Amino acid sequence: MKKVSVCFVCLGNICRSPTAEAVMRRLVDEAGLSTHVSVDSAGTGDWHIGEAPDERAQRAAAKRGYDLAPLRARQIAAEDFGTFDLIVAMDDANVTALQQVAPSAGRDKIRLLMEFAPHAQERVVTDPYFGGDAGFEAVLDQCEAACSGLLSALRPRLAD
Ligand code: 4NP
C-alpha cells in the first residue's frame, strides 16, 4: 500500500487547520491507516508561530473528543510542497497565499477542503477567529464532513 501525506492550511494555524488536522487524524486512525496517511497543518501567516490552538477551538473540539492541546502553530514553507502530496486550504485567501509560496511544480497540490464535501452548502471554511462559539462548531461540522470525503478520495491513491 502506498503512503499519502496531507497538510491542512489556514491563516493563523490556530483555529481551522489544527481542527481539520485532529479530525482527519482520528478518521485515519479509525480506518487503521495511520501508517499510510500522514497529517499535518500550517498557517500562511506568521503571527502565531509556536502557539497552541485558540482556546475556543480547543474547547469546541474537546466536546467532540478531539485533543488540540499538543499542536503548535507553524508557517507553511516552499519545502512543504515537496513533503506533502496535498496542501488543503480552508478558503480562497489561503489558496492565493499558497500559490505565492508554492514552487511552480507544486501548485497543482493545492485544494480547497470543502471540495471534498460536495453536498455541503459552503464552498469554504469561514474564519471563526473574530466571531462567537457557533463559528467554531461550524468549523468542526465542516471538517468532519469534508475530511470524511477526503479520506474516501485518498483511498484509490493508497491502493495504487
Ligand atoms: P485560523 O484563524 O486561520 O483558522 O487559524 C485565525 C487565527 C488568527 C487570526 C486570524 C484567523 N489573526 O488575525 O490573528
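Residue-level check: of (1) over 20 Å from Thr44 (Cα atoms); (2) surrounded by fewer than 15 Cβ atoms within 10 Å (Cβ to Cβ), Glu144 misses just (2).
Out of Ala78, Ala61, one residue alone is surrounded by 14 or more Cβ atoms within 10 Å (Cβ to Cβ) and either in a strand (DSSP E or B) or at pLDDT 95 or above (or both). It is Ala61.
In the condition set (1) within 13 Å of the ligand (Cβ to nearest atom); (2) out of contact with any helix residue (DSSP H, G or I) (no Cβ under 9 Å at 6 or more places or on another chain), Cys143 is compliant with all but (2).
Go through the range 93-109 and count every residue that is in a helix (DSSP H, G or I) and more than 18 Å from Leu150 (Cβ to Cβ).
Adding up the residues that qualify gives 10.
Of note, Arg56 does not satisfy the criterion of being farther than 26 Å from Glu30 by Cα, within 16 Å of the ligand (Cβ to nearest atom), among the charged types (D, E, K, R) and touching a residue at least 60 places away in the same chain (Cβ under 8 Å).
Kindly indicate which of Pro128, Pro70 is part of a loop (DSSP other than H, G, I, E, B), away from the ligand (no atom under 15 Å from the Cβ) and not acidic (Asp, Glu). Give the steps one after another, and end with the answer.
On the way: Pro128 fails: away from the ligand (no atom under 15 Å from the Cβ).
Checking each option against the conditions leaves just Pro70.
Of all residues being in a helix (DSSP H, G or I) and in contact with a helix residue (DSSP H, G or I) (Cβ under 8 Å, 6 or more places away or on another chain) in the range 81-92, which is surrounded by the fewest Cβ atoms within 10 Å (Cβ to Cβ)? Just the residue, please. Checking each candidate, the answer is Gly82.
Would you check if Ala153 is assigned to a loop (DSSP other than H, G, I, E, B), more than 17 Å from Cys15 (Cα to Cα) and either modelled with pLDDT under 95 or out of contact with any Lys or Arg (no Cβ under 9 Å at 6 or more places or on another chain) (or both)?
no
Restricting the range 37-53 to residues that are within 9 Å of the ligand (Cβ to nearest atom) and assigned to a loop (DSSP other than H, G, I, E, B), which is most open to solvent (accessible area, probe 1.4 Å)? Ranking the qualifying residues of the range 37-53, first place goes to Trp47.
One line per residue, one yes/no per condition, for (1) under 15 Å from Leu113 (Cα atoms); (2) β-branched (Val, Ile, Thr):
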site	(1), (2)
Val4	no, yes
Gly12	no, no
Cys15	yes, no
Asp29	no, no
His36	no, no
Asp40	yes, no
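Assess whether Arg123 counts as being within 11 Å of the ligand (Cβ to nearest atom), basic (Lys, Arg) and closer than 24 Å to Ala145 by Cβ. Taking the combined requirement at face value, the residue does not satisfy it. Within the range 71-87, which residues are within 13 Å of the chain's Cα centre (by Cα) and β-branched (Val, Ile, Thr)? If the condition is that a residue be within 13 Å of the chain's Cα centre (by Cα) and β-branched (Val, Ile, Thr), then Ile76, Ile87 are the ones that fit. Scanning the range 1-36 for residues that are crowded, with 24+ Cβ neighbours inside 10 Å, outside any loop (DSSP other than H, G, I, E, B) and β-branched (Val, Ile, Thr), we see that the one that is farthest from the ligand (Cβ to nearest atom) is Val6.
The values are calculated or read from the model by the stated rules, or taken from the named source; none is laboratory data. Predicted, not measured: the structure shown is a model, and the values here were computed from it. So basically every Cβ, Gly included, is an ideal-geometry build from the backbone, and we count neighbours across all protein chains shown. For the accessible areas, the whole protein counts, side chains as well, though only heavy atoms, and no ligand, DNA or RNA atoms are used. Shrake-Rupley method; radii C 1.70, N 1.55, O 1.52, S 1.80 Å.
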